[in-house]
Amino acid sequence: MPSGADLVVFDIGATLVDGPSRGPARRIAELASLDDEQRRLLGAALMTRDFGSPAGVAAFVREELGAGGSAVDAAVEEVWRAQTGDAAAVDGGAEALVAVAAAGYRVGLVSNIWQPYFEAARVHFGAFFDAHVALELQVLSFRAGVAKPSPEPFRRLLSAAGVASARAVMVGDSYAYDIEPAAAIGMRTVWVLHRPEKEAEDLVRVLDGRAARPARTVRSIGSVDADLVASLEA
Ligand SMILES: [Mg+2]
């Protein structure tokens, strides 16, 4: 039985998979000529609603955002389909998952993600998820209806796992979305500086002592293994 922690929770985007720099709401907004406010509302909805199909998203754009035009259906369809193949596995991610699971830790996921991009992640990690991550420990924003940086998805996962926050570790690339909310509820944290340029502001806050220091900071997910998790003190 591993000491110190019972559950290791992974973020997905930019932690286990890399994708396009422009998110789906921005791409749909450009193709369908949505304004900034419509794009913002679409972005929030894509992450927190289970639309089920491109038609569901298109209906939302028309009925709730009031954006018409013949371009809407084609735009949503194009971006949805593209996203199902948009994920590339990050080097070392599969090894990290396997190492942590093999050492006896339970594994969970907390991710801000929509259905087609989760399908893309599953191309690489679906077999692992199915074998090692119980469905109730896969807290995906589009199914859960809540997104990070709210602490709610973290709380939901801990509650489903029956694990106290102090015995759970969060592994993620984003200080604002992964590290800060997880630490705030008492989880231990491993900050994976996969895209340090995107994290520069928070990195400066941490170095200046204006933001809490993660338990560990690593350059790559490939550095995450059972020894690192075991070294985190409760
Ligand atoms: Mg991420």
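Details
- In this structure, Glu37 does satisfy being closer than 21 Å to Ala147 by Cα, modelled with pLDDT of 95 or more, more than 16 Å from the ligand (Cβ to nearest atom) and not in a loop (DSSP other than H, G, I, E, B).
- Residues of region 40-71 satisfying the condition of being assigned to a loop (DSSP other than H, G, I, E, B) and more than 24 Å from the chain's Cα centre (by Cα): Glu64, Leu65, Gly66, Ala67, Gly68, Gly69, Ser70
- If the condition is being of a type in the set (Ser, Thr, Tyr) and touching a residue at least 40 places away in the same chain (Cβ under 8 Å), then region 7-44 contributes only Thr15.
Conditions (1) without any contact (Cβ under 8 Å) to a residue 12 or more places away in the chain; (2) β-branched (Val, Ile, Thr); (3) part of a helix (DSSP H, G or I); (4) at positive phi, marked per residue:
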{"position": "Ser159", "(1), (2), (3), (4)": "yes, no, yes, no"}
{"position": "Tyr177", "(1), (2), (3), (4)": "no, no, yes, no"}
{"position": "Ala200", "(1), (2), (3), (4)": "yes, no, yes, no"}
{"position": "Arg213", "(1), (2), (3), (4)": "yes, no, no, no"}
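- Options His132, His124: the member that is surrounded by fewer than 23 Cβ atoms within 10 Å (Cβ to Cβ) and in contact (Cβ under 8 Å) with a residue 40 or more places away in the chain: His124
- Any pair with Cβ under 6 angstrom, 6 or more apart, that starts in region 81-103 at a residue that is more than 17 Å from Gly13 (Cα to Cα) and ends at one that is surrounded by 15 or more Cβ atoms within 10 Å (Cβ to Cβ) and acidic (Asp, Glu): Ala99/Asp225
- One residue from Arg143, Arg155, Arg81, Arg106 being of a type in the set (D, E, K, R) and over 26 Å from Tyr175 (Cβ atoms): Arg81
- Identity of the residue in region 135-191, β-branched (Val, Ile, Thr) and in contact with a Ser or Thr (Cβ under 6 Å, 6 or more places away or on another chain), that ends up farthest from the ligand (Cβ to nearest atom): Ile185
- Only residues that are of a type in the set (Val, Ile, Thr) and at pLDDT below 95 were counted across region 191-234, and they come to 0.
- Any hit, region 68-88, residues being within 16 Å of the ligand (Cβ to nearest atom), buried (at least 22 other Cβ atoms within 10 Å of the Cβ) and small (Gly, Ala, Ser): yes
Yes/no matrix, rows are residues, columns are (1) in the same structural domain as Ser220 (by TED's automatic domain parsing); (2) at positive phi; (3) part of a helix (DSSP H, G or I):
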site	(1), (2), (3)
Asp73	no, no, yes
Ala96	yes, no, yes
Ala99	yes, no, yes
Gly104	yes, yes, no
Val110	yes, no, no
Val123	yes, no, yes
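- Single unsatisfied condition, Ser70 versus (1) at pLDDT below 95; (2) touching a helix residue (DSSP H, G or I) at 6+ places or on another chain (Cβ under 7 Å); (3) over 22 Å from Thr48 (Cα atoms); (4) of a type in the set (Gly, Ala, Ser): (2)
- Test: residue in region 40-63 that is at negative phi, among the aromatic types (Phe, Trp, Tyr) and within 16 Å of the ligand (Cβ to nearest atom): no
The values are calculated or read from the model by the stated rules, or taken from the named source; none is laboratory data. Because the structure is predicted, anything quoted here is derived from the model rather than measured. Note that each Cβ is placed from the backbone with ideal geometry, even for glycine, and that neighbours are counted across all protein chains shown.
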